[in-house]
Amino acid sequence: MSTAALLIIDMQNDFVLEGKALKVAGARMVVPKIQAVLSEFRKRKLPVFHIVRVHREDGSDVEVIRQERFRKQPFAVAGTHGAAVIDELAPRTGEYILTKTRMSAFIGTELDLMLRTLGVTLVVICGIQTPNCIRTTVFDAIA
């Protein structure tokens with residue numbers, strides 16, 4: 001029997017809200033679609049993972065290609081409002097919050113172990129930054 005889990009990736013204030021340094025174009029348009037999928041997973045009591053990118057305040061864990069940008073305008077700093085999940089998708093009790101510092105939700109996290117432990121054999125992945133974080137997470141999920 002297959003168990004599904006939902007992975008919501010990078011739906012954070014710094015990437016979705018207007019006026020933020022790394023706001024992703026069109027991010028607001030996907031929120032209602034993610035809400036609908038999230039609602040279905042919650043109704044069926046299936047595992048939900050909120051995967052969030054977070055960085056140290058000094059930027060020492062930011063990728064080389066983003067370090068200059070981070071120095072000019074820090075983003076997704078651990079413990080800040082910008083790093084938090086947007087209100088419309090706020091995690092509920094029993095849902096998992098995993099932090100990452102790289103594009104893939106599998107790199108340097110316990111996601112693989114948790115999915116295996118929960119018996120998950122199917123993942124539904126949504127969020128923003130399809131060419132980067134979504135794509136690399138999908139690729140690693142398949143691998």
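The values are calculated or read from the model by the stated rules, or taken from the named source; none is laboratory data. Treat the numbers as computed from the prediction; the structure is a model and nothing was measured. Virtual Cβ from ideal backbone geometry, glycine too; neighbours counted across all protein chains shown.
Is there a residue in segment 11-19 that is among the charged types (D, E, K, R), touching a residue at least 12 places away in the same chain (Cβ under 8 Å), surrounded by fewer than 19 Cβ atoms within 10 Å (Cβ to Cβ) and in contact with a Leu (Cβ under 9 Å, 6 or more places away or on another chain)? Scanning segment 11-19 turns up no residue that is among the charged types (D, E, K, R), touching a residue at least 12 places away in the same chain (Cβ under 8 Å), surrounded by fewer than 19 Cβ atoms within 10 Å (Cβ to Cβ) and in contact with a Leu (Cβ under 9 Å, 6 or more places away or on another chain).
From the list Lys20, Lys45, Lys33, pick out the single residue that is of a type in the set (Lys, Arg) and at pLDDT below 95. Of Lys20, Lys45, Lys33, the one residue that is of a type in the set (Lys, Arg) and at pLDDT below 95 is Lys20. Filtered by the rule that a residue be part of a loop (DSSP other than H, G, I, E, B) and surrounded by 12 or more Cβ atoms within 10 Å (Cβ to Cβ), segment 91-106 gives Pro91, Glu95, Thr101, Arg102, Met103, Ser104, Ala105, Phe106. Meeting the requirement of 2 or more residues that are closer than 18 Å to Leu111 by Cβ and within 18 Å of the chain's Cα centre (by Cα), the helices (runs of 4 or more DSSP H) wholly within segment 1-81 are 27-43.
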